[in-house]
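Below: one structure, written as structure tokens.
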Amino acid sequence: MNEYQYESSTMGCNLAISIVAPDKKVADVAHQTMQEMVQAADARFSRFTLESELSQLNDAQSRTGSSEFLEVFLTAKRHYTETRGAFNPLVDISRFGYDADIEIVRHTNRDGHAGPEYSISFERIAVDGDTLTLIPGQRLDFGGLLKGYMAERMAKGIPGLAGVVVNLGGDVYTLGHDTDGNLFEFHVEHPLDENRRLSFTASNAGIATSGSYRRHWSYRGTPFHHILDSTGNKNPD
């Protein structure tokens, strides 16, 4: 077995894939399939693309959803319920200046848009078969779960690989083992001290990291980042 590594950019972040396979041809085919999966997801769920299924629902307020869109919606609803609203894809971070790709927003001062008051109650979204209907002002954003969701789908989507690690912007899913038959080893950098890191092994598991030290900007002169308090629609202290 050999390990093959691939790097690219998608969904506004870096994508790194490691594949343990008998030869490069097998790994290349697996990588191409994963790329097609994540590109399709980006086209369907991007809030920065007017033609995406997500943008069309947000603009029209009511739309028939594809099977994958409905699966992500129901996954988000489950997380919303299990966390008692701490996870909430209705919190509209674009109001606070994150209204474009992070490479455009980072290190800039943004005005955002105030807009009228709106409900972030997930229970008020109507589901009728495969049709979703938002109430006025609501806008969905699956950015809080989509990368992890897709990392797992990509890792599990290719049967027969000895091992795979998908790292989609810090959301990781790993299956199997490395070329020596050992569990994959992971290192998480310390955000303030480059000489410190957390190291551990994992397999058949998801790993997620998030912090305020990369996706940040200023909102009307106040430092801001992408982690919001859903109850107050602001950065937590």
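The values are calculated or read from the model by the stated rules, or taken from the named source; none is laboratory data. None of the values given here were measured: they were computed from a predicted structure. With ideal geometry, Cβ positions are generated from the backbone for all residues, glycine too; neighbour counts draw on all protein chains shown. For the accessible areas, the whole protein counts, side chains as well, though only heavy atoms, and no ligand, DNA or RNA atoms are used. Shrake-Rupley method; radii C 1.70, N 1.55, O 1.52, S 1.80 Å.
Details
- Each residue of the range 134-149 is assigned a 3J(HN,Hα), and the resulting list reads 8, 8, x, x, 6, 9, 7, 8, 8, x, x, 10, 5, 5, x, 4 Hz, derived from the Karplus form 6.51 cos²θ - 1.76 cosθ + 1.60 (θ = phi - 60°), x at Gly and Pro.
- Taking 7 Å steps out from each Cα toward its Cβ at Thr49 and Ile135 produces label points 3.1 nm apart.
- Length gained on full extension, Leu192 to His113: 25.2 nm, using 0.36 nm per residue less the C-alpha separation.
- Dividing the helix sum by the residues of the chain, where each DSSP H run of 4 or more adds -39500 (n - 2.57), gives a mean residue ellipticity at 222 nm of -8000 deg cm²/dmol.
- Ligands, DNA and RNA left out, the accessible area of the range 96-181 computed with a 1.4 Å probe is 49% carbon and sulfur.
- Taking every protein chain into account, the accessible area of the range 149-237 amounts to 59 square angstrom per residue (probe 1.4 Å).
- Here the 3J(HN,Hα) profile of the range 72-81, calculated from phi with Karplus coefficients 6.51, -1.76 and 1.60 at θ = phi - 60°, is 5, 4, 5, 5, 4, 4, 5, 5, 4, 5 Hz, Gly and Pro shown as x.
- Simple Cβ-charge dipole of the chain, Lys/Arg +1 and Asp/Glu -1, about Cα centre, in debye nearest 20: 460
- Convex hull of alpha carbon positions in the range 150-237: directionally averaged projected area 7.9 nm².
- Point-to-point label distance, Gln39-Leu74, nm (Cα→Cβ direction, 7 Å offset): 2.9
- The Rg/Rh ratio for the chain, using Cα coordinates for both the radius of gyration and the Kirkwood hydrodynamic radius, is 0.99.
- Protection proxy ranking of 31-39, 204-212, by the mean of other Cβ atoms within 10 Å over each peptide's residues and highest first, is 31-39, 204-212.
- Of the solvent-accessible surface of the range 5-58, computed with a 1.4 Å probe and all protein chains present, 51% belongs to carbon and sulfur.
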